[in-house]
Structures are given as C-alpha cells and as structure tokens.
Amino acid sequence: MSKKIKVLTLSDHPLSPSGVGTQTKYFCQGLLDSGKFSILSLGGAIKHDNYNHILVEPYNEDWKIIPIDGYGTPEMLRSVIRTEEIDVVWFMTDPRFWDWLWLMENEIRPLCPMVYYHVWDNFPAPKYNRDYYLSNDHIVTISKLTDDIVKAVAPEVPRTYHPHAVDPEIFKPLPPNVVADLKNQMWTSQGHDPDMFTIFWNNRNARRKQSGSLIYWFKAFLDQVGHDKARLLMHTDPNDQHGQDLVAIMRDFGLNQKQVLLSTAKIPPESLAAIYNCVDVTINISDAEGFGLSTLESMACGTPIIANMTGGLQEQVTDGISMFGIPLYPASKALIGSQQVPYIYEDRVSKDQVVSALNKMYFLGPEGRKKMGLEGLNHVRTNYNFQNYKTKWVEIMEKVYNSRQEYVSAVFKEVA
C-alpha cells in the first residue's frame, strides 16, 4: 500500500459547531473517505475542557485532533511539521489570523506546500493582501467574488474556486407530517400559533450582521401586516460583546416575546435543520458576508431566503439567470476600514427594501414560498453538491502534493 498523504489542518476545532469548524470537518471527511490521506488537526478558536488528543471515529489513527489555544504558534508549527512528517499544510478563516504563519513561509514551504481556503467579503481589491497571497502554493476561494479578488491582487498564484456545501443527510426537507409534529413541539406547546408566518435569523450577534436593524425593521413590517401576523426567531446570543443588546432593543421598541423570540442554546445540526423546516423564510442582511452558511442550510431544507447581494450571499440567491430567493441590492456602499484592513466596502440595505421583501414573502403564501424553496433546493443540489465538495477537495490536494515544485526562498541577482 502506498504512503498516505499526511495533511496538517489549522482552523477552528473540526468538531465545533462554527461554520469554519463544520467546513473543516467536511474537508477532512472527504479526504479520509478516499483512503489516500491521513490528517492531524490543530483544533483552535474554542475554550477546551481538556487538551487530550482525540482520535476521531471511524478513522482512528488516520485522524488525530490536538486541541490548542488560538490557532497555534510558530514554535508549535516547527515541531509538528518535522516530527509528524507533514506533507501539506491546509488552513482557513480570516487572513488576519495568519500573518504569523505567512511570515514562516520560508521555513514551511521548503518542507511542504501551503494551501489556503480563503474568503474575502468585498471589493475594492485588497492590494494589502498581496504578500499574504504570494505566500501560498495554492489558494482555494470560497466564493466567485473571492476568486475575482485573488485574481486581481495576485494572478500568478494558483487558485481554485470551491464554495461551501452542507450535509444533505442532515439539512434536507422533512415530510409534512414530521414538520407538523415539530411545529406542535416548537410552538403549540409554548402557547404559540404553529402556522404563524415565521422569519428565521441565524447569525452571530455582531455589528456587521445588522441584528438591531432587523428587529427595528421587522417592527415596521408588523405595523403594515398586523402585530399578530408574524414573528421573528433569532438564533443568537443577545448579549454578545461584539453585538447589540437585543433584549433592550425589543423592550424599548415595544416588541413582546411572541413577536421576537430568542433561541440562545447551542444545538446540534439536526435540531437546526428542524428549525429551518418549521419556518417560512430565512433572512440575512449582513453588510459584509464572506459566504453565509445559514442561507445555504435553509435552501437545502427547502426554505426560501431573503439576502443582501453581498459577498458569497449573492451567488446563493441567483446563478445569474434565475432567482432562488428575494435579493436585496445594496442601497449604499460605505468604504470602511481599520489598521489591519485599510479599506473594504460595506454593503448597506435600507428599511424600505427589507420591509418590502418581507411583505413579498408574506403575500406569496404557503404555496408560493414552497415553490421558491424547491427552486432553491435544486440550486443547492446542483451548484453546492456535497459529494462534489468532498471529491473536488481530494483532487485539489492530490494535485498540489503531486505537482510540488522545489521552493526557492532566495533570489540571486548579478551585481555589476
């Protein structure tokens, strides 16, 4: 039997519920199921109960996870790459977390190639990322927008467009009788109307997610259709330090607990899929969104979406020909930034746009929403196919490993 290609992954813990963690898990499963790879994962970005090494069933020795704080350190990387005889380093999430890693490229790339699974939210093309992009052997881009950005900033770096996917064994439409039972469990048992028009928002309560705006504009929607005609279910932490005090907003705007409901417990993917099946629409009005996993999960369950046409969200809403939800085209673009990210657009939507979209979805009725949801489901199955996601990762990683060329870290010039 030929030697398995050993991959080191750096990301959120692959067994954590975050979007980065989930996609890392799917990536690992795809490689391991091919029988051609073994994986060592440094699992970070969460608080660990302990730091014991984990052997993941059914892969056992082929997939070992080492819990770490943060995303690792140079000393840790130097040790792991040499002692574990790593063949390829794979990493993902925001580039701001990886400047220390790219500073080590002259140490790492002579030993093994670096593959970066990259997302970037918006234009203008970030020229300040060019040195980062040049420090990789291959960049895999999470959206068509990200692909265009890498092409504009560092066209000489090999890249592949490969968007996220979700597990269709979990995120799928459920039979009507099952949905009816779930609605009774979710709503009737709590004294709520199981058939009331329900809007679902599943995001972190952070500034760019526009959580406060959504509540405020939802009230404007209720003012039009009636305050007993719809509810907003928000799966988030209302007290997140990076977001707004959602309870205070609800209180001061006069919204009661039957109009805006908060789901705060961490729940498994199966329970999340059940919620998507029991709501009428999933909405995302983020002013910047690299991909937007919740809308893809919703469409995979046959539930239509309303989404801002920004980042990766826009290709979920449309393939350029057909619409698979209600798009919200940015009413304005604000060029914002920081010391680490000098400039990037924020795509802002307006109250009138959001209220209009909610009205349109509301008046489509159950049959109209079902038709739109089915079109979205077919879009997911065609363009975000889960099996294709795993198979293509195998192809990418094999190609990077097999086409590995000698890395030259120094450039020599003749001096007259």
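Please verify whether the stretch 31-39 includes one or more residues that are over 25 Å from W102 (Cβ atoms), under 17 Å from the mean Cα position of the chain (by Cα) and not in a strand (DSSP E or B). Within the stretch 31-39 (the criterion being over 25 Å from W102 (Cβ atoms), under 17 Å from the mean Cα position of the chain (by Cα) and not in a strand (DSSP E or B)), the answer is no, since none of the residues qualifies.
Being within 24 Å of the chain's Cα centre (by Cα), not aromatic (F, W, Y) and not in a loop (DSSP other than H, G, I, E, B) is the filter here; which residues of the stretch 334-357 pass it? Answer for the stretch 334-357, where residues must be within 24 Å of the chain's Cα centre (by Cα), not aromatic (F, W, Y) and not in a loop (DSSP other than H, G, I, E, B): A334, L335, I336, I344, E346, D347, R348, V354, A357. Only residues that are on the phi > 0 side of the Ramachandran plot and under 28 Å from the mean Cα position of the chain (by Cα) were counted in the stretch 76-105, giving 1. Regarding the stretch 65-86, can at least one residue be identified that is in contact with a helix residue (DSSP H, G or I) (Cβ under 9 Å, 6 or more places away or on another chain) and closer than 21 Å to S2 by Cβ? Taking every residue of the stretch 65-86 in turn, at least one turns out to be in contact with a helix residue (DSSP H, G or I) (Cβ under 9 Å, 6 or more places away or on another chain) and closer than 21 Å to S2 by Cβ. Yes or no: S403 under 30 Å from S34 (Cα atoms) and modelled with pLDDT under 95? For S403, the condition - under 30 Å from S34 (Cα atoms) and modelled with pLDDT under 95 - is met. Would you check which residues across the stretch 103-131 are in contact with a strand residue (DSSP E or B) (Cβ under 8 Å, 6 or more places away or on another chain) and assigned to a helix (DSSP H, G or I) and list them? Within the stretch 103-131, E105, I108 meet the criteria.
Look at (1) of a type in the set (A, V, I, L, M); (2) within 27 Å of the chain's Cα centre (by Cα); (3) over 22 Å from Y345 (Cβ atoms) and you find that A154 fails only one, number (3).
Could you list, in sequence order, all residues of the stretch 299-317 that are part of a loop (DSSP other than H, G, I, E, B) and either among the small types (G, A, S) or over 24 Å from L174 (Cα atoms) (or both)?
The initial filter retains those residues of the stretch 299-317 that are part of a loop (DSSP other than H, G, I, E, B), namely 301-304, 309-312.
Listed by number, the residues that qualify are G302, M309, T310, G311, G312.
If only residues of the stretch 179-193 that are among the hydrophobic types (A, V, I, L, M, F, W, C) and in a helix (DSSP H, G or I) are counted, the one that is farthest from T303 (Cα to Cα) is M186.
Please find, among S34, S11, S41, S16, the residue that is more than 24 Å from P269 (Cα to Cα) and of a type outside the set (V, I, T). Before the answer, list the steps.
On the way: S11 fails: more than 24 Å from P269 (Cα to Cα); S41 fails: more than 24 Å from P269 (Cα to Cα); S16 fails: more than 24 Å from P269 (Cα to Cα).
Exactly one of S34, S11, S41, S16 is more than 24 Å from P269 (Cα to Cα) and of a type outside the set (V, I, T), namely S34.
Here D94 fulfils each of the conditions (1) closer than 23 Å to S403 by Cα; (2) out of contact with any Cys (no Cβ under 8 Å at 6 or more places or on another chain); (3) of a type in the set (D, E, K, R) apart from (1).
On the given criteria, is A307 farther than 19 Å from L358 by Cβ, crowded, with 20+ Cβ neighbours inside 10 Å, among the aliphatic types (A, V, I, L, M) and under 15 Å from the mean Cα position of the chain (by Cα)? In short, no.
Please find, among A300, A334, A273, the residue that is modelled with pLDDT of 95 or more, in the same structural domain as K209 (by TED's automatic domain parsing) and closer than 23 Å to T188 by Cβ.
Numbers: A300 fails: closer than 23 Å to T188 by Cβ; A334 fails: closer than 23 Å to T188 by Cβ.
The match here is A273.
Given the criteria loosely packed, with under 13 Cβ neighbours inside 10 Å, at pLDDT 90 or above and either assigned to a helix (DSSP H, G or I) or touching a Leu at 6+ places or on another chain (Cβ under 7 Å) (or both), does R78 qualify? When the stated conditions are applied, R78 does not pass them. N129: farther than 16 Å from L10 by Cβ, modelled with pLDDT under 95 and surrounded by fewer than 21 Cβ atoms within 10 Å (Cβ to Cβ), yes or no? It is false that N129 is farther than 16 Å from L10 by Cβ, modelled with pLDDT under 95 and surrounded by fewer than 21 Cβ atoms within 10 Å (Cβ to Cβ). Residue pairs whose Cβ atoms lie under 8 Å apart, sitting 6 or more positions apart in sequence or on different chains, and linking a residue in the stretch 66-77 that is within 14 Å of S11 (Cβ to Cβ) to a partner that is polar (S, T, N, Q) and surrounded by 15 or more Cβ atoms within 10 Å (Cβ to Cβ), are I66/S41; Y71/S11; Y71/T93.
The values are calculated or read from the model by the stated rules, or taken from the named source; none is laboratory data. Just so you know, these numbers come straight off a predicted model, no measurement behind them. Ideal geometry is used to build each Cβ from the backbone, glycine not excepted, and the neighbour counts take in all protein chains shown.
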